[in-house]
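Q: Sharing a structure below in structure tokens format, with a few things to ask.
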Amino acid sequence: MKRFIAALLSAVSVFTLSSAICVSAEDTAVTTPQIPENAVEFNGSFYKVFNDRLCWLDAELYCESLGGHLVTITSQEEQDFIESINWQRKWIGGYRHTGWDNTWYWITGEEWDYTNWGEGEPNNSSNVISNENKASVWPKLWNDLNLNSTEQNGFICEWDKYSVEHVYLGNTNDDEEINALDASNILAAYARKQTTGDYGLTDQQFYMYDVDKNNIVNATDASIVLKYYADIATNADNDHLWYFEVTVKE
């Protein structure tokens, strides 16, 4: 599994579903999946067809703002499913690098080992707009288009199967365990602060070391971690240690 969303202190970008010309260049804050109620499930993932005419980039950013991505069609079974819910020209999550080569990729990094191109596609035609480096379904066979093309009238978002896990503060070495070593690491950082004036931690590390969230790393944080470790060993209640949730793609 790959952790792909940190739900802590995340924000959702808001898009207006209207323009077909790409105007959004800022990064999209990834958030816990907000799957629409009318999304359709297939093999553990969810899909929804949107009829709003956006450019390819803004369509992808909108899907990301909901915790998803433009659909990636990686098998004949998934292609058949997409055909069962869509009857129009829609953006999908395939792209190639302009001016590099003719290698195509999925927006998610999945292997590009299944295709359903139409006859003669992809052809990078300049009949309408040149630089056709984004993929679309038309509505069954695939076609390559310029990212600003108005030849399609919507896009398809996909939300992968996911689970929510708890990540506990005090896990200083990211080994998925809370134990005496973590308390030792916290004390070592505290000692560095006393002798050098600096904890020697990155911002992310400081967040994990500052268990009681008072913006100070000290022996109190270490003692909280040790209590949690002792409670685990004795099967006692251990809900006193703070945690935050992350969404994990399965």
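Q: Can you find a residue in the range 180-202 that is assigned to a helix (DSSP H, G or I) and in contact with a His (Cβ under 8 Å, 6 or more places away or on another chain)?
A: no
Q: Mind listing whichever residues of the range 77-107 are small (Gly, Ala, Ser) and either outside the structural domain of Leu145 (by TED's automatic domain parsing) or modelled with pLDDT under 95 (or both)?
A: Passing the criteria: only Gly99.
Q: Turning to a different aspect of this structure: Search the range 164-184 for residues being among the charged types (D, E, K, R) and at pLDDT below 85, and hand back the single one that is surrounded by the most Cβ atoms within 10 Å (Cβ to Cβ).
A: Glu165
Q: Would you pick out the residues in the range 192-223 that are touching a Lys or Arg at 6+ places or on another chain (Cβ under 8 Å) and either farther than 18 Å from Ala180 by Cβ or surrounded by fewer than 15 Cβ atoms within 10 Å (Cβ to Cβ) (or both)?
A: Asp198, Tyr199, Gly200 - these are the residues of the range 192-223 that are touching a Lys or Arg at 6+ places or on another chain (Cβ under 8 Å) and either farther than 18 Å from Ala180 by Cβ or surrounded by fewer than 15 Cβ atoms within 10 Å (Cβ to Cβ) (or both).
Q: Name the single residue, out of those in the range 185-206 being in contact (Cβ under 8 Å) with a residue 24 or more places away in the chain and of a type in the set (S, T, N, Q), that is farthest from Asp221 (Cα to Cα).
A: Gln205
Q: Going through the range 31-40 one residue at a time, which ones are modelled with pLDDT of 95 or more and either of a type in the set (Asp, Glu) or buried (at least 16 other Cβ atoms within 10 Å of the Cβ) (or both)?
A: Hit for the range 31-40 is Ala39, nothing else.
Q: Do we have any residue at all in the range 213-231 that's modelled with pLDDT under 85, aliphatic (A, V, I, L, M) and either assigned to a helix (DSSP H, G or I) or not assigned by TED's automatic domain parsing to the domain that holds Gly68 (or both)?
A: yes
Q: So which strands (runs of 3 or more DSSP E) stay within the range 57-163 end to end and still have 1 or more residues that are surrounded by fewer than 22 Cβ atoms within 10 Å (Cβ to Cβ) and touching a strand residue (DSSP E or B) at 6+ places or on another chain (Cβ under 6 Å)?
A: 90-96, 104-106, 142-145
Q: Here's another thing I want to ask about it. Looking at (1) of a type in the set (A, V, I, L, M, F, W, C); (2) in the same structural domain as Cys63 (by TED's automatic domain parsing); (3) modelled with pLDDT under 95, can you tell me which one Ile156 breaks?
A: Ile156 satisfies every listed condition except (3).
The values are calculated or read from the model by the stated rules, or taken from the named source; none is laboratory data. Keep in mind that what you see is a predicted model, and the values were worked out from it rather than measured. Backbone-built Cβ (ideal geometry, glycine too); neighbour counts: all protein chains shown.
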